[in-house]
């Protein structure tokens, strides 16, 4: 029984880890160019979930369309955040702490707007939107939603990797992450790269929100809080501005969380995750595969 | 006229580093800007490149007023700077750095032949094409920075202290390279502390002292000017 339970938690961890990774990727991408955590990222995640939800429940479009709507919508919210909150500070060469604080304020604003719009009762996707039963003939319980989560996340991670390593936009993003002045001397429009990066980060958060909402079928203005610190732990674990690190960290955090459930410490799963965050910052602040700040990409 | 600065003043915050300087570069010319540390040489280049906005005065490139333009727009005009300290992207390979130089270009076929041209000019870069730029020596990084700038097909190449921090043997090699670029017809604005070498290469030169132009003239004449000899060539 114990090994069965263990196997089951591995399955759960992979599915949850896929969502954490998508979420953490956006954190990492913005951190790599801004040098600051965008703490409003979790609010963009929440808005993505709501946008996906209303696409299905209010606009009556099929679930398949909820994903692109949430990605584009959340991406645009993130771009607006950059324009309205971060850009004016960059213009004035404001210190990083101001940018961090403005992101906390932006997060509170986005959560309040969502409360105003959607209320504070949990909203749900229609229960019959996806078959919720386990897929038959497997030694563990896995639902269609978990499979969709994993496949969607893997596809997006591969696409993101191609984008960053193989395209002109990705090349410019890496140049900006390395040094903004140098990038601009090479003809890169740095403001444009900021906007693109925020859009992609927001889109990833948005789809992560929809997937999270589908998995737990409970969508709330405060749902971002549940992933905010998990995502933070993920990128600390993986290395702050590192893209592969964010994926590794996302699965790592989910693994720790599920493992503590498997050994019977369900109540302590968050405590375990944050203990790891604490130890990591103490022992290896550059992350598992992180490098020195200067060479982050 | 390729480049003209008209009474440009600029600085950092409340501190003014340039107090109204005027200079020009004609087509086909190599112009050197020499002076001591902190005289305002790099500030001048950064104003031209759009990294610093001029507080007064104007910058004209090909008779167009470009003061206040963004750095990437100015670069796209063909006004290319190789910044101080080389600034190659350490996390990218040599080849990725070179192709980043062609970021603004669309002519795929010519980009390929330009890259071959850079490799021909710098065989060492070809050997190390798939190595990370951060693993190169200082001299190789300088070659990469120059090669990357050539990938941008500069109408005017601005070099900021290209010999800084290099061993004497490498300094000679870098100046040989600059000379070869000059002979291929690309105009150069060269900022250097090594006044002797900078004057030997240039057609015309300006001497900056504390944010103003103290002397200017044909490089040949400045090399014989007793005041310049005493202060910079002694």
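Tabulated data
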| item | result |
| --- | --- |
| Answer residue from segment B:54-74, given it is part of a helix (DSSP H, G or I) and surrounded by 17 or more Cβ atoms within 10 Å (Cβ to Cβ) and is farthest from the other protein chains (Cβ to nearest Cβ) among those | B:74 |
| Some residue of segment A:278-297 being within 19 Å of the chain's Cα centre (by Cα) and at pLDDT 85 or above | no |
| Of the criteria (1) without any contact (Cβ under 8 Å) to a residue 60 or more places away in the chain; (2) crowded, with 24+ Cβ neighbours inside 10 Å, which one residue A:25 fails | (1) |
| Those strands (runs of 3 or more DSSP E) lying entirely in segment B:152-212 with at least 3 residues closer than 24 Å to residue B:123 by Cα and in contact with a strand residue (DSSP E or B) (Cβ under 9 Å, 6 or more places away or on another chain) | B:156-160 |
| Matching option when the condition is within 14 Å of chain B (Cβ to nearest Cβ) and surrounded by 22 or more Cβ atoms within 10 Å (Cβ to Cβ), among A:185, A:204 | A:185 |
| Within segment B:122-142, considering residues that are farther than 19 Å from residue B:166 by Cα and touching a residue at least 12 places away in the same chain (Cβ under 8 Å), the one surrounded by the most Cβ atoms within 10 Å (Cβ to Cβ) | B:128 |
| Hey, residue B:131 in contact with a strand residue (DSSP E or B) (Cβ under 7 Å, 6 or more places away or on another chain), under 22 Å from residue B:173 (Cβ atoms) and away from every other protein chain (no Cβ under 14 Å) or not | yes |
| Residue list for segment B:100-114, restricted to those being more than 7 Å from chain A (Cβ to nearest Cβ) and either more than 28 Å from residue B:135 (Cα to Cα) or in a helix (DSSP H, G or I) (or both) | B:106, B:107, B:108, B:109, B:110, B:111, B:112, B:113, B:114 |
| Within segment B:75-96, considering residues that are at the interface with chain A (Cβ under 9 Å from one of its Cβ atoms) and either surrounded by fewer than 16 Cβ atoms within 10 Å (Cβ to Cβ) or outside any loop (DSSP other than H, G, I, E, B) (or both), the one farthest from the chain's Cα centre (by Cα) | B:96 |
| Subset tally (residues that are closer than 9 Å to residue B:86 by Cβ and within 12 Å of chain A (Cβ to nearest Cβ)) for segment B:140-165 | 1 |
| Some residue of segment B:34-44 being in a helix (DSSP H, G or I) and away from chain A (no Cβ under 14 Å) | yes |
| Any chance residue A:198 is more than 14 Å from every other protein chain (Cβ to nearest Cβ) and buried (at least 22 other Cβ atoms within 10 Å of the Cβ) | yes |
| Set A:164, A:210, A:190: member being modelled with pLDDT of 95 or more and within 14 Å of another protein chain (Cβ to nearest Cβ) | A:190 |
| From B:155, B:126, residue being farther than 18 Å from residue A:172 by Cα and in contact with a helix residue (DSSP H, G or I) (Cβ under 6 Å, 6 or more places away or on another chain) | B:126 |
| Condition check for residue A:217: under 30 Å from residue B:88 (Cβ atoms), touching a residue at least 60 places away in the same chain (Cβ under 8 Å), away from chain B (no Cβ under 14 Å) and out of contact with any helix residue (DSSP H, G or I) (no Cβ under 6 Å at 6 or more places or on another chain) | no |
| Residue in segment A:121-130 that is without any contact (Cβ under 8 Å) to a residue 12 or more places away in the chain and more than 21 Å from residue A:222 (Cα to Cα) present | yes |
| Segment A:80-107: number of residues that are touching a residue at least 40 places away in the same chain (Cβ under 8 Å) and farther than 16 Å from residue A:36 by Cα | 0 |
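The values are calculated or read from the model by the stated rules, or taken from the named source; none is laboratory data. Given the structure is predicted, the values throughout are model-derived calculations rather than measurements. Cβ: placed from backbone, ideal geometry, glycine included. Neighbour counts: every protein chain shown.
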